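One structure is given here, and the rest of the page talks about it.
The values are calculated or read from the model by the stated rules, or taken from the named source; none is laboratory data. Here the structure is a predicted model, which is why all the values come from computation and not from measurement. Here Cβ is always computed from backbone atoms with ideal geometry, including for glycine, and neighbour counts include all displayed protein chains. Ligands, DNA and RNA are stripped out before the accessible areas are found, and what is left, the full protein with its side chains, is counted by its heavy atoms. Shrake-Rupley method; radii C 1.70, N 1.55, O 1.52, S 1.80 Å.
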Amino acid sequence: MTFRRFVATLSEVERASSRLVMVRMLADAFRELPPAEVPLAVLLLQGRVAPEFEGVEFGVAEKEAAKALALALGRDEAEVVRAVKEKGDIGAYAREVLPEHDGGLTVQQVYDELRAIAEDSGRGSQQRKRERLARLIAASSPEEAAVILRIVTGRLRLGAGDATVLEALALAFLGDRNKKPLLERAYNLTSDLAYVARLTLKGEDALRAVKLEVGKPVRMMLAERLPDPERIMDKLGPHFAEHKYDGERIQVHFDGRRFWVYSRRLENITHQYPDLLEALREVQQDSFIIEAEAVVVDPVTGEMRPFQNVLNRKVKHLTRELVEKYPVKGFVFEILYHAGEALIDRPYTERRQVLERWFRPHERLALAAKRYVEKASELRQFFDESIEAGCEGLVCKKPDGEYEAGKRGFKWVKYKRGIAGKLSDTLDLVVVGAWLGRGRRAGGYGSLLAAVYNPDEDRFETLTKVGSGFSDEDLNEVLPRRLEPYRRRERHPRAWSLLEPDVWFEPVQVIEVEAQEITLSPNHTCAFGVVQEGRGLALRFPRFVRYRDDKSPEEATTTSEVVEMYRNQWAQGST
Ligand code: ATP
């Protein structure tokens, strides 16, 4: 397939009227491609040349890309850089100025060039990247160049999420989109869409045989929430509760020689925790995959510090000083793989036994505190102790529950502190639009339109308009700066909204929001028609808490969680 045809499909998909139509269009496009190009197309759809966890980035800023465009056009650099800046979108500008041309580029050729650009590093690489990109642009049509430039500057995001791509692959190569769960399982174990595409081409047996691998992040298991110990006991029966530490969740892989550390979003953050890895190397020789919460502790007293402290380690070049100023301790709560054996299908109790046998004490490492509870009163008691110890509450774990990669279910239930008059938990919402500010907020934003994620439909459903909790600086400077790259004139195809904000955004930025209660609303689309006909769910008195850059939009609170919270909200007040 030519790259040109692929690009045409992309723009059709962006305009698709429904998700099902999107799935069909993508499936048709996949079928048209030579098999070897399917995984490459899947990567390009995500604007990448390798899965995110491999950390292969283009390292091409918009200004650099504009210089390459100038070179391809034979125009003055400064003039093109200025024009791109004014236009605000390098792709749209390229489409306007480039002459019509058909270089007959294939998906493979474009991929190879882009990969070469991404992999070039070291001395003189900037110049080489620019020249290579200029040659590629010169060989492209205006539409192709627009997509290429958006990819290298990290601005291509397709309307379809991972779930839609998986469904399209199932339809294209297994003949049935309902076979998506098979692909989903492979994806949850490897976090690699291109690899799943390759397996799907081989057939169902190849998908069934997929195993987790040390070095490839496993999509993380998540917890459901319930408001009080009585409901948790009803749901789980006697079970193990563990302290819920409030730091950064990490997945650590070790193959006997090399370490990898992955974040909740499955980014490679190995460089962030040199001290933890040193500790692990001292006490462990066998290969493993574990999960832990990395919490900053006071260097003198050893007491746990609040979550925000760990963010100080999120810098490109972590210095010794920073490591010493913000020492972390890893509270280990999971083992997914040990000495050649995958453990994720084993019940919690067995995994925890392996973990306890595996564990060697160290100043920088501890096992998550756990207790077997048979009654609500015991759960409440352990909860109070966890708060006393500086934790956020408990994660309650079903004894026979396996590790469900990439799923949020009731095998883990979180129990957090409820503040009187508030919902017992905050929500993580995706910003899909905004209203402009007036008066003191003129020039910035007045409020944001925030949405939950509906994984069944792979779309974002609005839940609230949130304007309080932000500082003036947030509304006038921080938010405009953060949201500018995602601004668009029309509603994004994955956002479902009955309201018309002043500006729309690609669903990318996640924010944490607290609220007083959940109410029925004719204006919001979250669970529209589920609880009552003609009504969705909305938040009452929403308030911004913080940015959640550690979460991808698909990791936001889901529609079904909000329905659950709506039904449970009157039963709270346990703490
Ligand atoms: P929250 O925003 O409440 O931290 P979340 O959406 O990040 O939740 P959940 O799966 O809902 O994630 O809640 C479980 C989270 O709690 C895990 O992602 C992990 O970071 C953290 N955690 C702390 N201690 C434990 C533990 N003992 N077992 C499992 N998770 C734990």
*Kindly indicate whether residue 332 is open to solvent by less than 40 Å² (accessible area, probe 1.4 Å), at pLDDT 95 or above, within 14 Å of the ligand (Cβ to nearest atom) and within 19 Å of residue 283 (Cβ to Cβ).*
yes
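Yes/no matrix, rows are residues, columns are (1) in the same structural domain as residue 553 (by TED's automatic domain parsing); (2) within 13 Å of the ligand (Cβ to nearest atom); (3) within 29 Å of the chain's Cα centre (by Cα):
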residue: 304; (1), (2), (3): no, yes, yes
residue: 307; (1), (2), (3): no, yes, yes
residue: 310; (1), (2), (3): no, yes, yes
residue: 328; (1), (2), (3): no, no, yes
residue: 340; (1), (2), (3): no, no, yes
residue: 355; (1), (2), (3): no, yes, yes
residue: 371; (1), (2), (3): no, yes, no
residue: 375; (1), (2), (3): no, no, no
*Consider residue 348 against the criteria (1) open to solvent by less than 20 Å² (accessible area, probe 1.4 Å); (2) under 23 Å from the mean Cα position of the chain (by Cα): it satisfies all of them except one. Which criterion is unmet?*
(2)
*Which is surrounded by 19 or more Cβ atoms within 10 Å (Cβ to Cβ) and touching a helix residue (DSSP H, G or I) at 6+ places or on another chain (Cβ under 9 Å), of 71, 114?*
114
*Do we have residue 199 as touching a residue at least 24 places away in the same chain (Cβ under 8 Å) and either out of contact with any Leu (no Cβ under 6 Å at 6 or more places or on another chain) or open to solvent by less than 50 Å² (accessible area, probe 1.4 Å) (or both) here?*
no
*Given the residues 429, 498, which is the only one that is within 16 Å of the ligand (Cβ to nearest atom) and closer than 20 Å to residue 563 by Cβ?*
429
*Quick one: count up the residues across region 232-246 that are open to solvent by 10 Å² or more (accessible area, probe 1.4 Å) and within 16 Å of the ligand (Cβ to nearest atom).*
7
*Hits in region 133-149 - residues which are open to solvent by 50 Å² or more (accessible area, probe 1.4 Å) and either of a type outside the set (Lys, Arg) or farther than 16 Å from residue 73 by Cβ (or both)*: 138, 143
*Quick check, is residue 435 more than 12 Å from the ligand (Cβ to nearest atom) and not in a helix (DSSP H, G or I)?*
yes
*When you go through 351, 346 one by one, which is the residue that is basic (Lys, Arg), in contact (Cβ under 8 Å) with a residue 24 or more places away in the chain and in a loop (DSSP other than H, G, I, E, B)?*
346
*Selection count where residues are more than 15 Å from residue 148 (Cα to Cα), open to solvent by 20 Å² or more (accessible area, probe 1.4 Å) and not acidic (Asp, Glu), scope region 39-62*: 2
*Residue ID - farthest from the chain's Cα centre (by Cα), chosen from residues in region 192-225 that are of a type outside the set (A, V, I, L, M) and within 16 Å of the ligand (Cβ to nearest atom)*: 225
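Quick grid of which residues meet (1) more than 16 Å from the ligand (Cβ to nearest atom); (2) surrounded by fewer than 17 Cβ atoms within 10 Å (Cβ to Cβ); (3) not assigned by TED's automatic domain parsing to the domain that holds residue 562:
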position: 229; (1), (2), (3): yes, no, yes
position: 249; (1), (2), (3): no, no, yes
position: 258; (1), (2), (3): yes, yes, yes
position: 269; (1), (2), (3): no, no, yes
position: 272; (1), (2), (3): no, no, yes
position: 285; (1), (2), (3): yes, yes, yes
position: 295; (1), (2), (3): no, no, yes
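Quick grid of which residues meet (1) away from the ligand (no atom under 16 Å from the Cβ); (2) in contact (Cβ under 8 Å) with a residue 40 or more places away in the chain:
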{"site": "469", "(1), (2)": "yes, yes"}
{"site": "475", "(1), (2)": "yes, no"}
{"site": "479", "(1), (2)": "yes, yes"}
{"site": "485", "(1), (2)": "yes, yes"}
{"site": "493", "(1), (2)": "yes, yes"}
{"site": "508", "(1), (2)": "yes, yes"}
{"site": "527", "(1), (2)": "yes, yes"}
{"site": "547", "(1), (2)": "no, yes"}
{"site": "554", "(1), (2)": "no, yes"}
*Given the conditions (1) part of a loop (DSSP other than H, G, I, E, B); (2) within 30 Å of residue 218 (Cα to Cα), report the number of the one that residue 102 does not fulfil.*
(2)
